[in-house]
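Read-outs throughout are calculated quantities, based only on the coordinates presented, and are distinct from any laboratory measurement. Computed from a predicted model, the values in this text were never measured in an experiment. All Cβ positions, even for glycine, are placed from backbone atoms using ideal geometry, and neighbour counts span all protein chains on display.
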Amino acid sequence: MSAADLVEQPETGITPGVEKGGFRDVLAPDHARRGKPPLHFVDMSHAERITSVQALGLPKFRVQQLANHYFNHLSTDSRTYSDFPAAKREEAAQQFFPNLITEVTRQVADNGTTIKTLWELFDGSRIESVLMRYTKRTTLCISSQVGCGMGCPFCATGQLGLTRNMSTGEILEQVRAAAVMMRDGQVAGGPGRLSNVVFMGMGEPMGNYKSVLAAVRQMSELPPAGFGISARSITISTVGVVPGIRKLTQEGLPVRLAVSLHAPSDKLRDELVPMNRRFNTTQVLDAAHDYYLSSKRRVSIEYALMRGINDQAEHAQLLAKRLNHYGDNWVHVNPIPLNPIEGSRWTASKPEDEQQFLEILHRAGITATLRDTRGSDIDGACGQLAAKMTKQA
Ligand code: SF4
């Protein structure tokens with residue numbers, strides 16, 4: 001791996017690294033043919049914001065007011081800009097806050113505490129986000145790419161291939177919309193605050209590194225520079241794109257890293273997660289452990305339990321051995337019951353196998369909790385709603 005690979009992440013979404021062992025990103029037929037989304041306030045640097053404000057004939061302090069409307073008041077509605085010159089409100093809203101995401105459908109489950117929204121983007125692409133309210137926190141799961149190029153055979157999004165990377169604006173608009181839902185009491189339990197964000201929707205965040213990082217920074221800055229969601233409450237998940245993990249380590253942000261491992265050996269993971277043929281389990285775990293050492297944040301290991309494939313005692317034992325190789329207490333394993341694609345050969349584990357898997361990890365001294373399957377009655381697995389809607393469209 002060259003230093004250039006570590007520094008420059010391609011924004012096409014195509015995975016960096018030496019091509020070997022047969023991994024190729026799965027690209028949708030219209031990959032990178034959709035053009036770029038309109039530029040949004042959050043896509044601009046401070047200097048670009050000032051230039052744009054001045055182009056409207058306004059002084060640069062107006063940038064601060066726009067930031068306040070967006071991040072503090074969660075508003076892109078120029079009619080509410082009472083501190084802004086009336087003649088320029090409409091123009092400023094159009095210039096800085098183009099509509100980037102439009103709600104297509106909203107599904108509600110878990111007694112109103114889970115809301116899954118399907119969004120349409122400027123080019124007709126569809127992505128989704130899921131808002132989940134718990135007793136002490138509210139978590140939003142967001143998408144960072146249209147489709148995904150990783151090609152995991154058990155995953156609905158993987159079947160679509162990668163269409164394009166999402167812009168920072170498209171990523172952050174999902175967050176703003178959820179923050180509005182919480183503030184306005186649209187989620188059962190009354191008005192509240194969005195506290196956590198996880199990049200576990202559609203796409204591989206490390207394939208869209210720059211936009212994802214710019215979004216993370218603006219989520220975590222205090223208003224009016226950002227939404228004020230603590231970086232410690234933001235999780236970036238990856239299927240194991242090692243250059244991305246290495247680069248994130250160098251950022252020094254206290255975000256949580258989640259690695260979708262799904263298999264304890266290269267032989268099995270080569271089959272379940274094709275990316276493993278580019279970056280194998282040893283490279284991925286080494287990078288994840290280095291992230292832990294540098295950030296002091298425990299790494300989450302995501303593991304989708306598939307009946308008879310990766311959920312047997314021998315798999316749990318090998319997983320425990322490989323994780324304990326790096327020492328104690330550096331990971332938290334989240335086995336997730338698979339939400340299968342209709343008609344696929346990958347199905348969810350039997351409950352007794354799930355229990356056995358957990359117990360083996362616990363006996364080996366590894367923290368592990370079965371991840372809750374919120375929204376499973378509304379096509380809860382990543383990408384499934386969008387895949388379904390795309391087929392219908
Ligand atoms: S499981 Fe995750 S990484 Fe794999 S294809 Fe699906 S969205 Fe992409």
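Ordered by packing density, taken as the mean number of other Cβ atoms within 10 Å over each peptide's residues, highest first, how do 351-362, 142-153 rank? Display every interim value, and only then the final one.
On the way: 351-362: 16.4, 142-153: 25.8.
Packing proxy ranking, top to bottom: 142-153, 351-362.
Take the chain, mark every one of the trypsin sites (Lys or Arg not before Pro) that falls in a DSSP loop and has at most 15 other Cβ within 10 Å, then report the longest stretch left between them, sites excluded.
Values: sites that count: Lys20, Arg24, Arg33, Lys60, Lys136, Arg137, Arg193, Lys296, Arg298, Arg345.
With trypsin sites (Lys or Arg not before Pro) excluded where exposed in loops, the chain gives 194-295 as its longest stretch.
How much length would be gained if the chain were fully extended between Glu120 and Glu271, taking 0.36 nm per residue of separation minus their Cα-Cα distance, in nm to one decimal? Walk me through the intermediate numbers first.
Values: separation 151, 0.36 × 151 = 54.36 nm, distance 3.23 nm.
So the extension gain works out to 51.1 nm.
Could you state the number of Å between the C-alpha centres of region 89-159 and region 47-78?
Region 47-78 and region 89-159 have Cα centres spaced 25 Å from each other.
How large is the direction-averaged shadow of the alpha-carbon convex hull of region 41-96, in nm²? Intermediate results must be reported in sequence, preceding the final value.
Numbers: hull surface 13.3 nm².
That works out to 3.3 nm².
How big is the chain in terms of Cα radius of gyration and Dmax, in angstroms?
21.1, 69
How big is the dipole moment of the chain about its Cα centre under a simple scheme where the beta carbon of each Lys and Arg is +1, that of each Asp and Glu is -1, and everything else is neutral? Debye, nearest 20, please. Mind showing how you got there, number by number?
Values: 44 positive and 40 negative charges, 112 e Å.
Dipole about the Cα centre, nearest 20: 540 debye.
So how do Glu342, Glu173, Glu11 line up by other beta-carbon neighbours within 10 Å, fewest first?
Working: Glu342 8, Glu173 27, Glu11 14.
The most exposed by this proxy come first: Glu342, Glu11, Glu173.
Assign unit charges at the C-beta atoms only (+1 for Lys and Arg, -1 for Asp and Glu), then state the dipole size of region 41-96 relative to its Cα centre in Debye, rounded to the nearest 20. Kindly include the intermediate steps, with their values, before the conclusion.
Details: 6 positive and 6 negative charges, 31 e Å.
Approximately 140 debye in magnitude.
What is the fewest-to-most order of Met166, Met182 by other Cβ atoms lying within 10 Å of their Cβ?
Values: Met166 29, Met182 22.
Fewest-to-most Cβ neighbours within 10 Å comes out as Met182, Met166.
Within 10 Å, count the other beta carbons around each residue, average over each peptide in 154-162, 312-320, and list them highest first.
On the way: 154-162: 23.9, 312-320: 18.3.
Ranked by mean Cβ neighbours within 10 Å, highest first: 154-162, 312-320.
Between Ser82 and His362, what length in nm is gained on full extension when 0.36 nm per residue of separation is reduced by their alpha carbon distance? It would help to have the intermediate numbers written out before the result.
On the way: separation 280, 0.36 × 280 = 100.80 nm, distance 5.71 nm.
95.1 nm is the gain from fully extending Ser82 to His362.
If the chain between Glu90 and Thr102 were fully stretched, how many nm would it gain, using 0.36 nm times the residue separation less the Cα-Cα distance? Before the final figure, lay out each step's value.
Working: separation 12, 0.36 × 12 = 4.32 nm, distance 1.94 nm.
Working it through step by step, the gained length comes to 2.4 nm.
Set the Förster radius R0 to 45 Å, insert the Cβ-Cβ distance between Ala313 and Asn72 as r into 1/(1 + (r/R0)^6), and round the FRET efficiency to 0.05. Please report the intermediate quantities before stating the final value.
Values: r = 53 Å, r/R0 = 1.17.
Calculated transfer efficiency: 0.30.
For Thr347, Thr135, what ranking results if the residue with the fewest other Cβ atoms within 10 Å of its Cβ goes first? Don't skip to the end; give the middle numbers.
On the way: Thr347 16, Thr135 7.
Going from sparsest to densest Cβ surroundings: Thr135, Thr347.
If you take every DSSP beta bridge fully contained in region 111-243, what fraction is antiparallel? Give it as a percent rounded to 5.
For region 111-243, the DSSP antiparallel bridge percentage is about 70.
State the number of lysine pairs found in region 102-392 whose Cα atoms come within less than 28 Å, restricting to pairs 8 or more positions apart or on distinct chains.
16
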